[in-house]
Amino acid sequence: AVGMQEDLQADEAGRARYEQGQRNSFLFSMLVMASYVIRADRKIMHSEMEYVRQFLRMNFGEEAVIQGEQILLNLFEQRKQMERQNPMAFKNTIHECGAQIAANLPYEQRLQLLDFLVNIAKSDGSVCSEEIAALKEVAQCMELSPKEVESMLNLSGNSLEEAYKVLEIDPSATNEEV
């Protein structure tokens, strides 16, 4: 019985390490994507970093805030170094990360991740064309559509035109299509 109990404890410890590894892998991939959106306009805004901090605190705890901030700072520096040698190097990293996310996360979780990235872009009060382009690129890497980006960008809109974008349909759509 003692041997069986030890085996069960070893299995639980192994599962805990696996889950921790999965969480860290997801967290890293999420931060790679976040760093790309944050730097899309070549500026690192305090509001964007603060949004990431709050998100990490709420979803992963205080330890993840410290860890996440350090990862982001390292990613910003790494991107600079990579792009000195090859302007496409970091984009390749984004594409690899997106493929990994697409392969490992169901559609709903990829949409939640996209929502997080859209909210980073919105956090400073305006979303510039470079940020929109980065969001659409990241979405496609994760096997989501540019229309889903447009939809999320217009979620808080008040106009009829924005409502059509959220629904991902044309304003000329019939009642049945709506």
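What to note about this one:
- Going by accessible surface with a 1.4 Å probe and the largest first, H95, H46 read H46, H95.
- The residues of the stretch 17-86 expose on average 59 square angstrom of accessible surface per residue, using a 1.4 Å probe on protein heavy atoms.
- Only protein heavy atoms count here; under a 1.4 Å probe, S29 has an accessible surface of about 10 Å².
- Taking all protein chains together and rolling a 1.4 Å probe, K80 ends up with roughly 90 Å² accessible.
- For F76, the solvent-accessible surface with a 1.4 Å probe is about 10 Å², rounded to the nearest 10.
- Across the stretch 86-97, coupling constants 3J(HN,Hα) worked out from phi with the 6.51/-1.76/1.60 Karplus curve, θ = phi - 60°, read 8, x, 8, 4, 6, 4, 4, 4, 4, 5, 5, 5 Hz, and Gly and Pro carry x.
The values are calculated or read from the model by the stated rules, or taken from the named source; none is laboratory data. The shown structure was predicted, so the numbers you read here are calculated from the model rather than taken from an experiment. To get the accessible areas, we keep the full protein, side chains included, count just its heavy atoms, and leave off ligands, DNA and RNA. Shrake-Rupley method; radii C 1.70, N 1.55, O 1.52, S 1.80 Å.
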